Amino acid sequence: MTPTFERPPFQPDERTSLVGWLDLQRKILRWKCEGLSEEDAHRAVLPSSPLTTMAGLIAHMRWTEHTWFEVIFLGGDESVNPAFDQSRDDGDFDTQGMTLPELLAAYEAQCARSNEIVAAASLDDVGRHTGYKAGQANLRWMLTHMVEETARHAGHADIVREILDGSKGYY
């Protein structure tokens, strides 16, 4: 695995910085999946966390993007998102029989949609979903949170990948 990632510029405006760091973490998460077999992508490596697979991490992050930008920020429909399914725990980690390439494509599409939403809004705009406390946050806060959330799971992916096949590395 040979990454070719660059950090955002050293003196960016705020939006460029936030979106740049988020996009970098998204790329790192996808990079950690490169070259994985389908079997390894779906293999649980933590006995106490059977849904923590590389595929599960990608599914989770797809739905996390949807949660923050489409549901909480735009006030969209949460019923399509398994993270809001109260009948089961961690439904957003469920890969629902999808292959890793399918999950990565869905994640990529969701990230592109998130970037469209961000590009069309002010960083000062506040979430529209009144049913959640986080709906009070502005887009700046949500972007900062998504950098943190995505980086956290990219770190998990780094560990999972090393356990799976010994691959490790930082860009």
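Brief remarks follow.
- Selected residue (criterion: farthest from Ala120 (Cα to Cα)) from residues of segment 69-107 that are polar (S, T, N, Q) and loosely packed, with under 14 Cβ neighbours inside 10 Å: Ser87
The rows are residues; the columns are (1) under 26 Å from His42 (Cβ atoms); (2) in a loop (DSSP other than H, G, I, E, B); (3) modelled with pLDDT under 95; (4) touching a His at 6+ places or on another chain (Cβ under 8 Å).
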| site | (1), (2), (3), (4) |
| --- | --- |
| Trp68 | yes, no, no, yes |
| Gly75 | no, yes, no, yes |
| Ser87 | yes, yes, yes, no |
| Met98 | yes, yes, no, no |
| Leu104 | yes, no, no, no |
| Tyr107 | yes, no, no, no |
| Asp124 | no, yes, no, no |
| Arg128 | no, yes, no, no |
| Gly131 | no, yes, yes, no |
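- Pairing each residue of segment 150-171 that is without any contact (Cβ under 8 Å) to a residue 60 or more places away in the chain with any residue that is hydrophobic (A, V, I, L, M, F, W, C) and not in a helix (DSSP H, G or I), provided the two are 6+ apart or on different chains, yields C-beta distances under 9 Å for Ile159/Val45; Lys168/Met1.
- The residue of segment 1-32 that is nearest to Ser122 (Cα to Cα), among those that are in a helix (DSSP H, G or I) and polar (S, T, N, Q), is Thr16.
- Figure legend. Inter-residue proximity from segment 22-50: first residues closer than 19 Å to Phe93 by Cα, second residues among the acidic types (Asp, Glu) and crowded, with 20+ Cβ neighbours inside 10 Å, beta-carbon distance below 9 Å, spacing 6+ or different chains. Indicated pairs: Arg26/Glu65.
- For segment 49-68, the candidate set comprises residues that are of a type in the set (Gly, Ala, Ser) and surrounded by 21 or more Cβ atoms within 10 Å (Cβ to Cβ); within that set, the residue that is nearest to Val147 (Cα to Cα) is Ala59.
The values are calculated or read from the model by the stated rules, or taken from the named source; none is laboratory data. What you see is a predicted model, and the numbers here were worked out from it, not measured in a lab. Glycine gets a Cβ as well: all are built from the backbone with ideal geometry, and neighbour counts include every protein chain shown.
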